[in-house]
Amino acid sequence: MAHGYVDNKPTLLARLSRAEGQVRGIARMIDEDVYCIDVLTQVSAATKALESVALALLEDHLAHCVAQATAEGGPVAEEKLREANAAIARLVRS
């Protein structure tokens, strides 16, 4: 069974590569003693980039994995819904 994000995999990987570059840039800024607020601005941008990936993954999971399990019903559907609720709760808390 393919994961729900399989169709968006190239886009997700590109977003993650950009976020990775941002994090490396933040490390370089700290190493170079850049002003605190400028570093925090970049941390915020990297955080938003990762949140974007998380939301895209969640959307794909709901549209694919949860929808398919719900159509089939039973305990698998209940488990997928519990997983989705837990994932949403983690995203909201972070």
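The values are calculated or read from the model by the stated rules, or taken from the named source; none is laboratory data. Predicted model, so just to flag it, every value in this text is computed and none were measured. As a convention, Cβ positions derive from the backbone with ideal geometry for all residues, glycine included, and neighbour counts pool all protein chains shown. What goes into the accessible areas is simple: the full protein's heavy atoms, side chains included, and nothing from ligands, DNA or RNA. Shrake-Rupley method; radii C 1.70, N 1.55, O 1.52, S 1.80 Å.
Brief remarks follow.
- Only one entry in Ser17, Ser52 is surrounded by fewer than 12 Cβ atoms within 10 Å (Cβ to Cβ) and either part of a helix (DSSP H, G or I) or within 14 Å of the chain's Cα centre (by Cα) (or both), namely Ser17.
- Filter pass, Arg90 being open to solvent by 50 Å² or more (accessible area, probe 1.4 Å), of a type outside the set (Val, Ile, Thr), modelled with pLDDT under 95 and assigned to a helix (DSSP H, G or I): yes
- Checking each residue in the stretch 23-38 for being among the aliphatic types (A, V, I, L, M), farther than 25 Å from Arg90 by Cα and either under 20 Å from the mean Cα position of the chain (by Cα) or open to solvent by less than 70 Å² (accessible area, probe 1.4 Å) (or both) picks out Ala27, Met29, Val34.
- Checked against (1) part of a helix (DSSP H, G or I); (2) open to solvent by 80 Å² or more (accessible area, probe 1.4 Å); (3) at pLDDT below 95, Asn8 passes all but condition (2).
- Evaluation of Leu57 against the conditions (1) within 20 Å of the chain's Cα centre (by Cα); (2) over 15 Å from Arg15 (Cα atoms); (3) open to solvent by 40 Å² or more (accessible area, probe 1.4 Å); (4) among the hydrophobic types (A, V, I, L, M, F, W, C) shows that the sole unmet condition is (2).
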